[in-house]
Amino acid sequence: MPVIMRCYFNLVDGYEKILDQDGIEVLDLEQARVQALKAIEELLEEDDAAAEDWRNWVLEVTDGSGTILFSIPLSGILH
């Protein structure tokens, strides 16, 4: 039976943190990465003009203890 882990997607820019209070359950880090990219796409779909505002932000994916599993700079994804 696969081990399910809960990942949290927090947005940080060095000054502010927008914390994910709920998280999602994933089977592995690859699934977490796919979900993180989907979350970023949803941000863009909500307001494409806001892409410039997100330029300095990073999406940090953490486990339940707050350990950062990986991060994705939004500047590398936004256009």
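Values quoted throughout were computed directly from the atomic coordinates according to the rules given, and no laboratory measurement underlies them. In this text, all values refer to a predicted model and were calculated from it rather than measured experimentally.
Helix content alone sets the calculated 222 nm mean residue ellipticity of the chain: runs of n ≥ 4 DSSP H residues at -39500 (n - 2.57) each, divided across all residues, give -7500 deg cm²/dmol.
What is the gain in length, in nm to one decimal, between L27 and R55 on full extension, counting 0.36 nm per residue of separation less the C-alpha to C-alpha distance? Don't skip to the end; give the middle numbers.
Numbers: separation 28, 0.36 × 28 = 10.08 nm, distance 2.95 nm.
Stretched out fully, the L27 to R55 stretch lengthens by 7.1 nm.
Our estimate of slack between F70 and E45, defined as 0.36 nm per intervening residue step minus the Cα-Cα distance, is 6.7 nm. Taking N as the residue count of the chain, its C-alpha radius of gyration divided by 2.2 N^0.38 Å amounts to 1.09.
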